Amino acid sequence: MNIKTFSTHEELSEQSAQYIFEIIQKKIGETGTFVLGLATGASPRLMYQKLIQKLGTSDLDLSGLHTFNLDEYYPIRQGHPQSYFQEMYHGFWKPLHDLNQSFEITNGHILNGEAPNPDMECRIYEKMIQKTGGVDLQVLGLGINGHIGFNEPGSAGDTRTRQIDLTPETREANKKYFGDDLEKVPEHGMTMGIGTILESKEIVMIVTGEKKKEVFEKLQRLSAPTEDIPASFLLNHTKTTFYSDLA
Ligand code: GLP
């Protein structure tokens, strides 16, 4: 495992943002395009703010930058304040567009939590990722139960984008965003599969905060992937870097 450890969340966020900025800058300079995979949640939030500043104040032409999010609740209205659509609109696409208008908000893609046919929505999303050229760099956060995206324990390493049932642990962990009311947390989600994620050319996994310590330690003790800890399939990916602020 390639782990970079930082003494603070601030430092982790700055260094990962700078690294991702340089990768985007290089490929956009060479080909004019970049496909960035985004995760929601608290882990990458400060990194996003820093990345947006760097991209937004650069003179890069971002018209060929596409972003694809990992997951979304299902069902949820796009206008719901806790939808991942809203999180990305306000936390990434809009602030980046405001700073550098060459980035088109319509190039920010996310699974539609209102889709009438979620299975078809997932299949279309996979195709769209492939048509755009595949993910160049995927940002990930780590669930306290070891999930990546909404690939809950029990997810196989070759899964594709699909609808899933959220585990009680995940709904419990996310209820803070729904006024601490478990009933309000959707019971399902849609997520890129583990197989889909592993096709990303490069992966940056952000592991931050004491709550992740136990699962991160378990992950580091493994010598082979297990469905009990979906993030362990990253052991099969040759270009994954863990950015951690855990000693
Ligand atoms: C959530 C999201 C994931 C996220 C993870 C960790 O349930 N579905 O995409 O990466 O859990 O979230 P956080 O960074 O807030 O701990």
To the nearest 20 debye, the chain has a Cα-centred charge dipole, built from +1 on Lys and Arg Cβ and -1 on Asp and Glu Cβ, of 320
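Quick one: putting +1 on the C-beta of Lys and Arg, -1 on the C-beta of Asp and Glu, what dipole do you get for the stretch 75-207 around its Cα centre, in Debye to the nearest 20? Mind dumping the intermediate values first?
On the way: 12 positive and 19 negative charges, 48 e Å.
In total the dipole reaches around 240 debye.
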When the accessible area of the chain is split by element with a 1.4 Å probe, what percent falls to carbon and sulfur?
-> 49
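Restricting to Cα pairs below 8 Å that are 6+ residues apart, what does the relative contact order work out to for the chain? Please round to a whole percent. Kindly include the intermediate steps, with their values, before the conclusion.
Working: 485 pairs, mean separation 61.8, N = 247.
Result for the chain is 25 percent.
How big is Rg to Rh over the stretch 1-134, alpha-carbon atoms, Rh as the Kirkwood inverse-mean-distance radius?
Details: Rg = 15.3 Å, Rh = 15.7 Å.
Using Cα coordinates only, the ratio equals 0.97.
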Mind counting lysine pairs for me in the stretch 108-228? Cα separation below 27 Å, and the two need to be 8 or more apart along the chain or on different chains.
-> 17
Hey, got the dipole for the stretch 99-169? About the Cα centre, +1 on K and R Cβ, -1 on D and E Cβ, debye to the nearest 20?
-> 220
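What is the stretch 100-221's relative contact order, in percent, from Cα pairs under 8 angstrom and six or more apart in sequence? Numbers along the way, then the final one.
Values: 152 pairs, mean separation 39.2, N = 122.
Result for the stretch 100-221 is 32 percent.
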Taking the chain as a Gaussian network, where each spring joins two C-alpha atoms under 10 Å apart, which residue of GLN220, GLN138, GLN18 fluctuates the most?
-> GLN220
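In Å², what does the accessible area per residue of the stretch 37-152 work out to with a 1.4 Å probe?
Numbers: 4570 Å² over 116 residues.
Using a 1.4 Å probe on heavy atoms only, each residue of the stretch 37-152 averages 39 Å².
Please report the antiparallel percentage of DSSP beta bridges with both residues in the chain, rounded to the nearest 5. Show your work: numbers first, answer last.
Working: 10 of 33 bridges.
Roughly 30 percent of the beta bridges in the chain run antiparallel, per DSSP.
The values are calculated or read from the model by the stated rules, or taken from the named source; none is laboratory data. Here the structure is a predicted model, which is why all the values come from computation and not from measurement. Using ideal geometry, Cβ is built from the backbone for each residue, glycine included, and neighbour counts are taken over all protein chains shown. Note: accessible area is taken over every heavy atom of the protein model, side chains too, but ligands, DNA and RNA are not part of it. Shrake-Rupley method; radii C 1.70, N 1.55, O 1.52, S 1.80 Å.
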